[in-house]
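The values are calculated or read from the model by the stated rules, or taken from the named source; none is laboratory data. If you're wondering where the values come from, they're calculated on a predicted model, not measured in any experiment. Cβ: placed from backbone, ideal geometry, glycine included. Neighbour counts: every protein chain shown. Side chains are part of the model used for accessible areas, which takes the heavy atoms of the whole protein and leaves out ligands, DNA and RNA. Shrake-Rupley method; radii C 1.70, N 1.55, O 1.52, S 1.80 Å.
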Amino acid sequence: MRERVKVFTFVSGHGETVLGSTQEDHINQWLESVEGKLVQMTQSESERSGVGHHVTICLWYVPEGSGTERVSTK
C-alpha cells in the first residue's frame with residue numbers, strides 16, 4: 001500500500017478561536033514540506049466538557065514517487 005495518513009488533533013481552550021490558530025500554521029507547514037498527492041481529507045469535531053472544542057483532521061496522501069496514481073474522492 002502506498003497511501004499514508006497524517007493526523008492532526010487540537011483542543012482549543014475556552015474563548016480561544018480555532019480559526020487562525022497555531023494548529024492551522026502547523027498543518028500548512030506540513031503541507032509545504034511533503035511532496036505528493038492529496039487523496040482524501042476528513043474532519044471531526046466535538047465539545048469536550050470542561051476542556052474545550054476538540055478537532056481532528058486526517059489527510060490521506062500518496063507520497064511523490066510512489067508509482068501509484070489515485071483519483072481524489074470527494
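Annotations
- Residues of segment 12-58 that turn out to be at pLDDT 80 or above, open to solvent by less than 80 Å² (accessible area, probe 1.4 Å) and among the hydrophobic types (A, V, I, L, M, F, W, C), as a count: 7
- Residue check for Glu69: exposed (fewer than 10 other Cβ atoms within 10 Å of the Cβ) and modelled with pLDDT of 80 or more: no
- The residue pairs whose first member lies in segment 42-57 and is of a type in the set (Gly, Ala, Ser), whose second member is surrounded by 15 or more Cβ atoms within 10 Å (Cβ to Cβ) and assigned to a loop (DSSP other than H, G, I, E, B), and whose beta carbons are closer than 8 Å, counting only pairs six or more residues apart or on different chains, are Gly52/Ser12.
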